[in-house]
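A.B. asks: Can you read through this structure? Questions will come right after.
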Amino acid sequence: MDLSKCNVGFAITGSFCTFDKVKIEIKKMAELGMNIIPIFSSHAARYDTRFGKADEFVAKIEEITGNKGLFTICEAEPIGPKGYLDALVIAPCTGNTLAKLNNGITDTAVLMAAKAHLRNNKPLIISVSTNDAMGMNFKNIGMLMNTKNIYFVPFEQDDYIKKPNSLISKLDLIPDTIEAALDGKQLQPLLVR
């Protein structure tokens, strides 16, 4: 499949430790010719952390994609009626976002983008990054895996000794996951090591 003709929403939530890797993957996707629309949760867009300054991160993502980001629920809502995305990726997807998505809560631009996009029966790709994936959020992952048009980027335990409930997706598999999802398939194997 030629992904160069794809319009992909790339929604970023607050798993700040993954932001440098996310930048690399967005750059690779842009180099493949994808038109990437960045979407930011309020935390991802505003919080300065030990991993970097929010305004610098946002500016870099907008520079790489060549598109202005979406930051509010009002900016993300037209994704539904206009139907301009072929796929939507949430990467990183925090446990907080997983729980809200599974329970139909729409209180950020990312969650509005997901809700709006799913109404068009197009693939939503989730790239998990949470310390409680195999704890409190395990049920949300299970429910979302059984939801029509939701696909997961394959994931692994990132530190099974110190953080036994933590999972992180293999970000380099995002393009392959998009391609499989556009064909209505979950990329396998889902659990990698």
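A.B. asks: Please go through (1) within 23 Å of residue 158 (Cβ to Cβ); (2) out of contact with any strand residue (DSSP E or B) (no Cβ under 9 Å at 6 or more places or on another chain); (3) of a type outside the set (Val, Ile, Thr) for residue 91 and return the number of the only condition it doesn't satisfy.
C.D. replies: (2)
A.B. asks: What is the residue count in the range 162-178 for residues that are buried (at least 23 other Cβ atoms within 10 Å of the Cβ) and over 17 Å from residue 90 (Cα atoms)?
C.D. replies: Total meeting the criteria: 0.
A.B. asks: Residues in the range 1-17: is at least one under 15 Å from residue 63 (Cβ atoms), modelled with pLDDT of 95 or more and over 12 Å from the mean Cα position of the chain (by Cα)?
C.D. replies: In the first step, residues of the range 1-17 are kept if they are under 15 Å from residue 63 (Cβ atoms); the result is 10, 12.
Still in the running and modelled with pLDDT of 95 or more: 10, 12.
Next, from what is left, pick out any that are over 12 Å from the mean Cα position of the chain (by Cα): none.
No, every residue in the range 1-17 fails to be under 15 Å from residue 63 (Cβ atoms), modelled with pLDDT of 95 or more and over 12 Å from the mean Cα position of the chain (by Cα).
A.B. asks: I would also like to ask the following. Filter the range 122-140 down to residues that are more than 14 Å from the chain's Cα centre (by Cα) and touching a residue at least 40 places away in the same chain (Cβ under 8 Å) and give me whichever is farthest from residue 22 (Cα to Cα). Don't jump to the end; show me each part of the working.
C.D. replies: As a first pass, look at the range 122-140 and keep what is more than 14 Å from the chain's Cα centre (by Cα): 122, 131-140.
Those left that are additionally touching a residue at least 40 places away in the same chain (Cβ under 8 Å): 136-137, 140.
Values: 136: 25, 137: 22, 140: 23 Å.
So, considering only residues that are more than 14 Å from the chain's Cα centre (by Cα) and touching a residue at least 40 places away in the same chain (Cβ under 8 Å), the one farthest from residue 22 (Cα to Cα) is 136.
A.B. asks: Considering only residues that are of a type in the set (Val, Ile, Thr) and surrounded by fewer than 17 Cβ atoms within 10 Å (Cβ to Cβ), look in the range 135-161 and name the one that is farthest from residue 118 (Cα to Cα).
C.D. replies: Going through the qualifying residues, I end up with 161.
A.B. asks: When you check residue 183 against the structure, is it at pLDDT 95 or above and of a type outside the set (Gly, Ala, Ser), yes or no? Outline the logic, then answer.
C.D. replies: Values: at pLDDT 95 or above: yes; of a type outside the set (Gly, Ala, Ser): yes.
Yes.
A.B. asks: Can you name the residue in the range 105-130 that is touching a helix residue (DSSP H, G or I) at 6+ places or on another chain (Cβ under 8 Å) and surrounded by fewer than 20 Cβ atoms within 10 Å (Cβ to Cβ) and is also nearest to residue 179 (Cα to Cα) among such residues?
C.D. replies: Quick first cut of the range 105-130, residues touching a helix residue (DSSP H, G or I) at 6+ places or on another chain (Cβ under 8 Å) only: 105-117, 119-120, 123-130.
Applying the additional criterion that residues be surrounded by fewer than 20 Cβ atoms within 10 Å (Cβ to Cβ) yields 105-107, 115, 119-120.
Details: 105: 28, 106: 27, 107: 29, 115: 21, 119: 20, 120: 18 Å.
Per the stated criteria, the residue is 120.
A.B. asks: Does residue 30 meet the test of being in contact with a strand residue (DSSP E or B) (Cβ under 7 Å, 6 or more places away or on another chain), crowded, with 22+ Cβ neighbours inside 10 Å and of a type in the set (Gly, Ala, Ser)?
C.D. replies: Numbers: in contact with a strand residue (DSSP E or B) (Cβ under 7 Å, 6 or more places away or on another chain): yes; crowded, with 22+ Cβ neighbours inside 10 Å: no; of a type in the set (Gly, Ala, Ser): yes.
No, not satisfied.
A.B. asks: Quick one: which residue in 91, 45, 87 is under 19 Å from residue 116 (Cβ atoms), crowded, with 18+ Cβ neighbours inside 10 Å and free of Cβ contacts under 8 Å to residues at least 60 places away in the same chain?
C.D. replies: Details: 91 fails: free of Cβ contacts under 8 Å to residues at least 60 places away in the same chain; 87 fails: free of Cβ contacts under 8 Å to residues at least 60 places away in the same chain.
Of 91, 45, 87, the one residue that is under 19 Å from residue 116 (Cβ atoms), crowded, with 18+ Cβ neighbours inside 10 Å and free of Cβ contacts under 8 Å to residues at least 60 places away in the same chain is 45.
A.B. asks: Do the conditions hold for residue 158, that is, is it free of Cβ contacts under 8 Å to residues at least 40 places away in the same chain, part of a loop (DSSP other than H, G, I, E, B) and in contact with a helix residue (DSSP H, G or I) (Cβ under 9 Å, 6 or more places away or on another chain)?
C.D. replies: No, not satisfied.
A.B. asks: How many residues are acidic (Asp, Glu), touching a residue at least 24 places away in the same chain (Cβ under 8 Å) and part of a helix (DSSP H, G or I) if we restrict to the range 161-193? Explain how you work it out, then say what you get.
C.D. replies: The first filter runs over the range 161-193 and keeps only residues acidic (Asp, Glu), leaving 172, 176, 179, 183.
Now restrict to residues that are touching a residue at least 24 places away in the same chain (Cβ under 8 Å): 172, 179, 183.
If we keep only those that are part of a helix (DSSP H, G or I) as well, we get 172, 179.
Here the count works out to 2.
The values are calculated or read from the model by the stated rules, or taken from the named source; none is laboratory data. Here the structure is a predicted model, which means the values were calculated and not measured. Cβ coordinates were reconstructed from backbone atoms using ideal geometry, including for glycine residues, and neighbour counts include every protein chain displayed.
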